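Novice: Sharing a structure below in structure tokens format, with a few things to ask.
The values are calculated or read from the model by the stated rules, or taken from the named source; none is laboratory data. Predicted, not measured: the structure shown is a model, and the values here were computed from it. Here the Cβ positions follow ideal geometry from the backbone for every residue, glycine too, while neighbour counts run over all protein chains shown.
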Amino acid sequence: MDALSALIEGFGTALTPINLLLALAGVVLGTAIGVLPGIGPAMAVALLLPVTYNLEPVGAFIMFAGIYYGGMYGGSTTSILLNTPGESASVVTAIEGNQMAKRGRAAQALATAAIGSFVAGTLGTLGVVFLAPYVVDLAVQMGAPDYFAVMVLAFIAVTSVLGASRIRGFASLGIGLLIGIVGIDAVTGQQRLTFGVPQLADGIDVIVVAVGLFALGEALWIAAHLRRKPAEVIPVGRARMGREDFRRSWKPWLRGAVIGFPFGAMPAGGAEIPTFLSYVTEKRLSKHPEEFGKGAIEGVAGPEATNNASAAGVLVPLLALGLPTSAIAAVLLAAFQQYGIQPGPLLFENEPELVWGLLASLIIGNTLLLVLNLPLAPIWAKLLKTPRPYLYAGILFFASLGAYAVNLAVVDLVVLFIIGLTGFMMRRYGLPVVPAIIGVILGPRAEVQLRRALQISNGELSGLYNTWFSKSLYVVVALIVLWPLLNRFVLRPLRRQAEIPVLSETAHILDDAHHHKLVVPPQEGPMDGPADDRPTAAVSDDAGHATEGRENR
Amino acid sequence: MSTLVQRTRGRSELGVALLLLALGVLAIVDALQIPTTIGQRGPVGPAAVPIAVGVLLIVVALLLARDVLAGGHGEAEAGEDVDLSHPSDWRTVLLLAGAFLANVVLIEPAGWPISGAVLFFGSAYALGSRHLVRDPIIAVALSVATYYLFGQALGIGLPAGVLEGIL
């Protein structure tokens, strides 16, 4: 019970008045900013980075913990109360949540989301507490080739799993890796891609990249397509739920925690797949499957819990390996580096106060969220009515401020502008943003490990795969890369005989969501069409789905 | 039978492929100009990874071009405030970019309290707000408040510019 006593010590750190206040400030700020439409949790963290510049690391991370969970929760409020489809991560909550809200059950939808987030978030955080030390034990035995293999896996997984098109994922990754190269080479001191600009010698600050891709890119993109009439906000009172709602919610909460955590902890990136999986599972297990599509509470409780458990799971690779697998994790890693702290196995040894204080404050933040959000729901709903010109002008204002404040250099604003335009272009042409930010932050570190591994092996390429761990990771990488071929020639003929209903249904809904057709999910059981159990590899016969089909051939 | 001209019409996405290609070439050209030194440790020098990334970008550019020419297209990103049913509103985007760049030019000579206010007011105007009294008041209040907040509470001295000594 080593982890438990360490966690109790962490509570000692987190429960000092000043740290408690910082956790509260983080939760409130995170929720408030996360609720604002157009601002996801990753952008919320990126925009709030400057607020913590003057804090001690421990205090700063306690505040980030609050912002992280607060931002996640705020996002689900938006998708329940706004009568429009949001971005893919909250799409699932929106399906039933929005239907419930339209039928006058917004308070219950928000309550089951809040309590489900609390239950799954707390279980997930406890999962981190107990799992992370084991991963650390494994990680201290990992050498350069193993680290490099893990990073390659993260690159491949993030580009292949997210979004509808692999080519566009790799394009995004390439852009990110390129940005990561800019600056002085750490080994030889040579300038790379600096074009003689002295301010570029230190490299492009990850925070500038994050703010540019998320905040500026997003604001410009939304400005180009701003709704003429702002979306309708469904009015809501205090969030609450009755006994019947509880009876129908508690199992989906627990199942959501179980589904979400492992997906977050794997370097597979994102809560999209587990939330869809949870949705379909709840629909199959529900005693009221006919209510799905018309506001079934299980369809909010399950995915919302899954979402939060996966957000907690993401912390395992982030803290124990220094490996970010989602957009927010990448921004958090940038924040760590801002303080000169390198997440990884040594973090648990060198900064136990920070790690355990952070984990304890995640549990505290979760509790604060529950206490705050049930009564504060009407206030959050009012934030949704923020006039859009002020909202997006504000994003531009704070994005510029944050990027300038990093180094007090005008050149950072110019870089911010270029990266913002890149973010705009990526959204316009369907390039996912997450691989780029992962590439920026992991690229330089992967290069260090690559060069170290080859130095040890004296240039022999076998130095990259001479451990059983790296070998098995490359097998996984090969499987992911070759999946479309495998799927076409091996798995599909097999599946003609035996179909796995939950998986194929998930794939079908996911596939539809990627093409934004999803309004009301199909009412019938398993699909009879040629459904796949991996959406990115789907070869569809529908003309509108031409993209994936073509590139897999 | 379609000619290349017909097939490329309306495919602005090819520009993305072109950009990726240019970036890839840039990475490789830049890497080849790095002089080799005796300071290099290990068999992999500073040029190897940029060349690999450049090759990745070029390959992706070609695959993307092939995909686009064959009729594939990237799905534009949706969002709560995004309405994809009308075409891109370039006027708003250009005005926003102008407001942003005004801040870049003004922040050091004129100072953040002024440049930040110009940025906020210009952006709100670009996005369709026409409260010509309320908007400037909010803009100035925001920029002055953040100036003091950063200076006093966070210890980050934003440039005061022409207002040096007054604020």
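Novice: Determine which member of the set A:Glu304, A:Glu351 is among the acidic types (Asp, Glu) and farther than 27 Å from A:Gly97 by Cβ.
Specialist: Sole residue among the options that is among the acidic types (Asp, Glu) and farther than 27 Å from A:Gly97 by Cβ: A:Glu351.
Novice: Further question on the same structure: Out of the range B:126-148, which residues are assigned to a helix (DSSP H, G or I) and more than 9 Å from every other protein chain (Cβ to nearest Cβ)?
Specialist: Hits for the range B:126-148 are B:Arg134, B:Pro136, B:Ile137, B:Val140, B:Ala141, B:Val144, B:Ala145, B:Tyr147, B:Tyr148.
Novice: Select, from A:Leu277, A:Leu254, the only residue that is at pLDDT 90 or above and assigned by TED's automatic domain parsing to the domain that holds A:Ala114.
Specialist: Going through A:Leu277, A:Leu254 in turn, just one is at pLDDT 90 or above and assigned by TED's automatic domain parsing to the domain that holds A:Ala114: A:Leu254.
Novice: Then there is this: Go through A:Leu226, A:Leu220 for me and flag whichever is touching a Lys or Arg at 6+ places or on another chain (Cβ under 9 Å), at the interface with another protein chain (Cβ under 9 Å from one of its Cβ atoms) and surrounded by fewer than 24 Cβ atoms within 10 Å (Cβ to Cβ).
Specialist: On inspection, the qualifying residue turns out to be A:Leu226.
Novice: Also: Which helices (runs of 4 or more DSSP H) sit wholly inside the range A:300-407 and have at least 1 residues that are free of Cβ contacts under 8 Å to residues at least 12 places away in the same chain, in contact with a strand residue (DSSP E or B) (Cβ under 8 Å, 6 or more places away or on another chain) and not assigned by TED's automatic domain parsing to the domain that holds A:Gly212?
Specialist: Hits in the range A:300-407: none.
Novice: Would you confirm, using the coordinates I've provided, whether A:Arg168 is over 30 Å from A:Phe11 (Cβ atoms), crowded, with 19+ Cβ neighbours inside 10 Å and either more than 14 Å from chain B (Cβ to nearest Cβ) or touching a residue at least 24 places away in the same chain (Cβ under 8 Å) (or both)?
Specialist: When the stated conditions are applied, A:Arg168 passes them.
Novice: Starting from residues that are over 25 Å from the mean Cα position of the chain (by Cα) and of a type in the set (Ser, Thr, Tyr), keep the ones in the range A:387-420 and report whichever is surrounded by the fewest Cβ atoms within 10 Å (Cβ to Cβ).
Specialist: A:Tyr390
Novice: In addition: Kindly indicate which of B:Val16, B:Val82, B:Val49, B:Val104 is within 8 Å of another protein chain (Cβ to nearest Cβ), surrounded by 17 or more Cβ atoms within 10 Å (Cβ to Cβ), modelled with pLDDT of 80 or more and in contact with a strand residue (DSSP E or B) (Cβ under 8 Å, 6 or more places away or on another chain).
Specialist: Unique residue meeting the criteria: B:Val82.
Novice: Something else about it: Within the range A:220-237, can one find any residue that is closer than 24 Å to B:Leu26 by Cβ and not charged (D, E, K, R)?
Specialist: Yes, because at least one residue in the range A:220-237 is closer than 24 Å to B:Leu26 by Cβ and not charged (D, E, K, R).
Novice: In the range B:80-125, which residue that is assigned to a loop (DSSP other than H, G, I, E, B) and of a type in the set (Gly, Ala, Ser) is farthest from A:Asp412 (Cα to Cα)?
Specialist: B:Ser85
Novice: Looking at the structure I just gave you, is A:Asn466 within 24 Å of A:Gly183 (Cβ to Cβ), surrounded by fewer than 20 Cβ atoms within 10 Å (Cβ to Cβ) and more than 9 Å from every other protein chain (Cβ to nearest Cβ)?
Specialist: Criteria not met by A:Asn466.
Novice: If you take the residues in the range A:42-66 that are more than 12 Å from chain B (Cβ to nearest Cβ) and touching a Phe, Trp or Tyr at 6+ places or on another chain (Cβ under 7 Å), which one is surrounded by the fewest Cβ atoms within 10 Å (Cβ to Cβ)?
Specialist: Checked the range A:42-66; the qualifying residue surrounded by the fewest Cβ atoms within 10 Å (Cβ to Cβ) is A:Pro57.
Novice: Looking only at the range A:191-217, which residues are more than 8 Å from chain B (Cβ to nearest Cβ), of a type outside the set (Gly, Ala, Ser) and within 20 Å of the chain's Cα centre (by Cα)?
Specialist: Once the filter is applied, which keeps residues that are more than 8 Å from chain B (Cβ to nearest Cβ), of a type outside the set (Gly, Ala, Ser) and within 20 Å of the chain's Cα centre (by Cα), the range A:191-217 yields A:Val206, A:Ile207, A:Val208, A:Val209, A:Val211, A:Leu213, A:Phe214.
Novice: Turning to a different aspect of this structure: Among the candidates A:Val490, A:Val475, A:Val440, single out the residue that is more than 10 Å from chain B (Cβ to nearest Cβ), within 30 Å of A:Thr281 (Cβ to Cβ) and either outside any helix (DSSP H, G or I) or at pLDDT 90 or above (or both).
Specialist: After applying the criteria, what remains is A:Val475.
Novice: Now, a different point. Tell me, please, whether a residue that is within 9 Å of chain B (Cβ to nearest Cβ), out of contact with any Asp or Glu (no Cβ under 8 Å at 6 or more places or on another chain) and crowded, with 23+ Cβ neighbours inside 10 Å can be found in the range A:134-154.
Specialist: No - not one qualifying residue is present in the range A:134-154.
Novice: Now for a different question. Kindly evaluate A:Trp221 against the criterion of being in contact (Cβ under 8 Å) with a residue 12 or more places away in the chain, among the aromatic types (Phe, Trp, Tyr) and under 30 Å from A:Leu358 (Cβ atoms).
Specialist: When the stated conditions are applied, A:Trp221 does not pass them.
Novice: If you don't mind, there's one more thing I want to ask. Within the range A:178-189, take every residue that is modelled with pLDDT of 85 or more and assigned to a loop (DSSP other than H, G, I, E, B) and give me the one that is farthest from the other protein chains (Cβ to nearest Cβ).
Specialist: A:Val182
Novice: Give the residue, chosen from B:Ala153, B:Ala160, that is out of contact with any strand residue (DSSP E or B) (no Cβ under 8 Å at 6 or more places or on another chain), more than 9 Å from every other protein chain (Cβ to nearest Cβ) and over 13 Å from A:Leu396 (Cβ atoms).
Specialist: Being out of contact with any strand residue (DSSP E or B) (no Cβ under 8 Å at 6 or more places or on another chain), more than 9 Å from every other protein chain (Cβ to nearest Cβ) and over 13 Å from A:Leu396 (Cβ atoms) holds for just one of B:Ala153, B:Ala160, which is B:Ala160.
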